[in-house]
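Only one structure is covered here, and it is reproduced in the block below.
The values are calculated or read from the model by the stated rules, or taken from the named source; none is laboratory data. Worth saying up front: this structure is predicted, and the values here are computed from it rather than measured. So basically every Cβ, Gly included, is an ideal-geometry build from the backbone, and we count neighbours across all protein chains shown. Heads up: the accessible areas ignore ligands, DNA and RNA and are worked out on the full protein's heavy atoms, side chains in. Shrake-Rupley method; radii C 1.70, N 1.55, O 1.52, S 1.80 Å.
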Number of protein chains: 2
Amino acid sequence: MIKVSVMYPNTPGARFDHEYYRDKHMPMVKARLGAACKFYTVDKGLAGGAPGAPAPYVGMCHIYADSVEAFQKGFGPHANEIMGDITNYTDLSPVMQISEVVVGQ
Amino acid sequence: MIKVSVMYPNTPGARFDHEYYRDKHMPMVKARLGAACKFYTVDKGLAGGAPGAPAPYVGMCHIYADSVEAFQKGFGPHANEIMGDITNYTDLSPVMQISEVVVGQ
């Protein structure tokens, strides 16, 4: 299994609507990806590692798929709609990572 | 529920022993934290978002706990042993983040 992590750097003054992300954007992504998204998780940044340090990322999602190919096949046809929705909740550009799930839940 | 993410930047030339991390370090962390760690996951970086881009992080773990306080109470007494084991699998310094789990599995 692989996961696609989408991470929004915690930039002072930037806009990030956690409610829209949770209630509108991510359910839309799941609906468009269908079975290509096995499940997803959403994080809200609280803090960094050192006392008083800010979280490196204000928000993250992790989309789990059987393979990179399965994800790309599900994402490709809806990429424009999904990417076009980003401005509705943030003015940040996300950092993306594809990982192998070595230990899952 | 909160998660503590420990993320190792993917630095050219750096050392990261994925087998030791999976088979020795993380099971040791779980054993020391006990019930303070509800479960954990481990990721191995495969790629970045753009075609051909490297993964931002070579490896990550995510430790799930009921609260920041529960995690700290479980981690504190074993911090020296856990941190001291890092050099056994990497010469990288991790980036840490504490997040609220907005949507779990």
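Here are the numbers:
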quantity: Where rotation carries A onto B, the chain A residue whose Cβ is nearest that axis, in whole Å; calculated: A:Gln105, 3
quantity: Computed E for B:Glu69/A:Glu19 - FRET, C-beta separation, R0 30 angstrom, nearest 0.05; calculated: 0.70
quantity: MRE, 222 nm, helices only [DSSP H, n ≥ 4, -39500 (n - 2.57), over chain B, to nearest 500]; calculated: -5500 deg cm²/dmol
quantity: Buried accessible area, chains B and A (both chains, 1.4 Å probe, Å² to nearest 100); calculated: 2800 Å²
quantity: Sparsely packed chymotrypsin sites (Phe, Trp or Tyr not before Pro) within the range B:35-105, loop by DSSP, other Cβ within 10 Å at most 10; calculated: none
quantity: Gyration tensor (Cα) of the range B:46-105, equivalent ellipsoid semi-axes in angstrom; calculated: 26, 20, 7
quantity: Normalised convex hull volume, the protein assembly as shown, alpha-carbon set, Å³ per residue; calculated: 118 Å³
quantity: Inter-chain shielding of B:51-64 (mean C-beta neighbours from other protein chains, 10 Å cut-off); calculated: 3
quantity: Rounded if a/c under 1.5, otherwise prolate or oblate - chain A, Cα gyration tensor axes; calculated: oblate
